[in-house]
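The values are calculated or read from the model by the stated rules, or taken from the named source; none is laboratory data. Owing to the predicted nature of the structure, the values given are computational and were not obtained by experimental measurement. Counting neighbours? That spans all protein chains shown, and the Cβs are built from the backbone with ideal geometry, glycine included.
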Amino acid sequence: MQAIFDSISTQLDLSQGEVRRLFHGRGHCFPGYEQLIIDLLPPLVIIRLFEEHPVELLEQLDQFFQQLDDAVKPDALVVQHRYRREDSVELRWNNGTVDPEQLLQVRELGLKYNVRPLKNQNSGLFLDMREGRRWVRQNSQGKNILNLFAYTCAFSVAAIAGGASRVVNLDMSRGALSTGRDNHRINQLPTDQVKFLGHDLFRSWGRLKREGPYDLVIVDPPSFQRGSFVASDDYRKVLRRLPELTMAGGQVLLCLNSPALGSDFLLQLVDDCCPELRYCERITHPADFPDRDPEQALKVLLFQKTG
Ligand SMILES: C[S@@+](CC[C@H](N)C(=O)[O-])C[C@H]1O[C@@H](n2cnc3c(N)ncnc32)[C@H](O)[C@@H]1O
């Protein structure tokens, strides 16, 4: 238990009022707590359990958060029992300033994002992609960027904030893109040079090519979304199209969040499908997502197109 409290304290100190994972059991670095994660979405803390745990665990966590200094003490503590079909949300306490069921505006690296903290699968912002967004923001100046599988356009927000001249976002979920539009607005970022294309990628190559070529292409697909994208089969179809979409000397950021498929999978696919891409580096994994095996965690690999 002390290891959990230490992790929470360290991450709270580093959070500076921004979103952060306070405890990441899923990475198998804390034996016995693989089914526990804790997220800070200021002013909320959400404990997410993927299997039933002894009630004492929640009591101890509750006490821990209760006794924190006012400066870092959350306004509300919510438990999400992800293994339950009913009564999955348990409000431990709430001082009344925030409704955990409603849309919440959070900050990351100084930018704002709309999230729905209790939405079961995707709350609107993938916290483990923070360093990817930092990299994009730092490397976007003046660039024409293609953001594939854009979801709520967090990469686009980071890119425009970093001075990108244009971003084309594509995602089959129009609802997610609508949140993406809002995410630009709440940061007062101009959207006249931002496109939001709500289409299936595999029916959009012609349109994407007409909007290109791009200085940077971001590919961040799901690992498995039935009927839409299965990384083990479909990633190669995307890679085959990259050479015609990417400018000579342009960059490509390939992301993959499947525990079953490591960096080797992507490197081999690139070799097979677009040898014009030269591997440059793996973007740092955020420290608040420790993983016993980094190859099982999120992979964000940077390539450059030669010639
Ligand atoms: C892992 S999320 C992407 C996360 C996003 N890049 C971010 O920065 O937050 C996967 C997204 O892929 C989209 N998607 C899945 N299959 C697709 C397809 N065939 N064409 C277009 N979008 C697709 C889903 O709608 C979902 O929003």
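What tally of residues in the range 204-226 results from selecting those that are outside any strand (DSSP E or B), within 9 Å of the ligand (Cβ to nearest atom) and either closer than 15 Å to Met172 by Cβ or of a type in the set (Val, Ile, Thr) (or both)? Residues in the range 204-226 being outside any strand (DSSP E or B), within 9 Å of the ligand (Cβ to nearest atom) and either closer than 15 Å to Met172 by Cβ or of a type in the set (Val, Ile, Thr) (or both): 4 in total. Given the structure, is Gly175 at negative phi, at pLDDT 95 or above and either within 17 Å of the chain's Cα centre (by Cα) or surrounded by fewer than 20 Cβ atoms within 10 Å (Cβ to Cβ) (or both)? Spelling it out, Gly175 is indeed at negative phi, at pLDDT 95 or above and either within 17 Å of the chain's Cα centre (by Cα) or surrounded by fewer than 20 Cβ atoms within 10 Å (Cβ to Cβ) (or both).
Taken over the range 227-270, residues that are more than 10 Å from the ligand (Cβ to nearest atom) and either part of a loop (DSSP other than H, G, I, E, B) or out of contact with any strand residue (DSSP E or B) (no Cβ under 9 Å at 6 or more places or on another chain) (or both) amount to 12. For the range 200-208, the count of residues that are under 13 Å from Asn144 (Cα atoms), assigned by TED's automatic domain parsing to the domain that holds Val168 and of a type in the set (Lys, Arg) is zero.
Does Arg226 count as in the same structural domain as Phe289 (by TED's automatic domain parsing), without any contact (Cβ under 8 Å) to a residue 12 or more places away in the chain, within 27 Å of Ile160 (Cα to Cα) and out of contact with any Gly (no Cβ under 9 Å at 6 or more places or on another chain)? When the stated conditions are applied, Arg226 does not pass them. Of the residues examined, Phe155 is one that is at pLDDT 95 or above and buried (at least 19 other Cβ atoms within 10 Å of the Cβ). Scanning the range 121-133 for residues that are over 16 Å from Asn183 (Cα atoms) and out of contact with any strand residue (DSSP E or B) (no Cβ under 8 Å at 6 or more places or on another chain) turns up just one, Gln121.
Within the range 240-261, the residues that satisfy the criterion of being surrounded by fewer than 17 Cβ atoms within 10 Å (Cβ to Cβ) and under 20 Å from Lys299 (Cα atoms) are Arg240, Pro259, Ala260. Looking for something within 19 Å of Leu125 (Cβ to Cβ) and without any contact (Cβ under 8 Å) to a residue 40 or more places away in the chain - is there at least one such residue anywhere in the range 56-74? Yes, some residue in the range 56-74 is within 19 Å of Leu125 (Cβ to Cβ) and without any contact (Cβ under 8 Å) to a residue 40 or more places away in the chain. For the range 48-66, indicate whether the set of residues that are more than 19 Å from the chain's Cα centre (by Cα) and among the β-branched types (Val, Ile, Thr) is non-empty. Within the range 48-66, one or more residues are more than 19 Å from the chain's Cα centre (by Cα) and among the β-branched types (Val, Ile, Thr). On the stretch given as the range 2-48, residues that are on the phi > 0 side of the Ramachandran plot and loosely packed, with under 14 Cβ neighbours inside 10 Å total 3.
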